[in-house]
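Trainee: One structure is given below, represented as structure tokens, and several questions about it will come after.
The values are calculated or read from the model by the stated rules, or taken from the named source; none is laboratory data. Worth saying up front: this structure is predicted, and the values here are computed from it rather than measured. With ligands, DNA and RNA removed, areas are computed over all heavy atoms of the protein, side chains included. Shrake-Rupley method; radii C 1.70, N 1.55, O 1.52, S 1.80 Å.
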Amino acid sequence: MAQSQGWVRRYFKAFCKGFFVAVPVAVTFLDRVACVARVEGASMQPSLNPGGSQSSDVVLLNHWKVRNFEVQRGDIVSLV
């Protein structure tokens, strides 16, 4: 019984260490580099979501392009 508790405790500690490293890295990445957004509805048709209201597209929003003023004609810009 003591051996099984040691096994569970060891994996729980490994999970906690990974969790407390992965969450700040993921939050920083999504805040500073890029984030994933879902496009629904007819507002961006026909470029995005050409199938209509039943389907949705997933896009990657690049934060660095906007921060460095590298937006060019034809780029799609998202405002929050």
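Trainee: Output the residues belonging to region 10-26 that are within 26 Å of Val66 (Cα to Cα) and open to solvent by 90 Å² or more (accessible area, probe 1.4 Å).
Mentor: Val25 - this is the single residue of region 10-26 that is within 26 Å of Val66 (Cα to Cα) and open to solvent by 90 Å² or more (accessible area, probe 1.4 Å).
Trainee: Determine which member of the set Ser47, Ser78 is under 17 Å from the mean Cα position of the chain (by Cα) and assigned to a loop (DSSP other than H, G, I, E, B).
Mentor: Values: Ser47 fails: under 17 Å from the mean Cα position of the chain (by Cα).
Unique residue meeting the criteria: Ser78.
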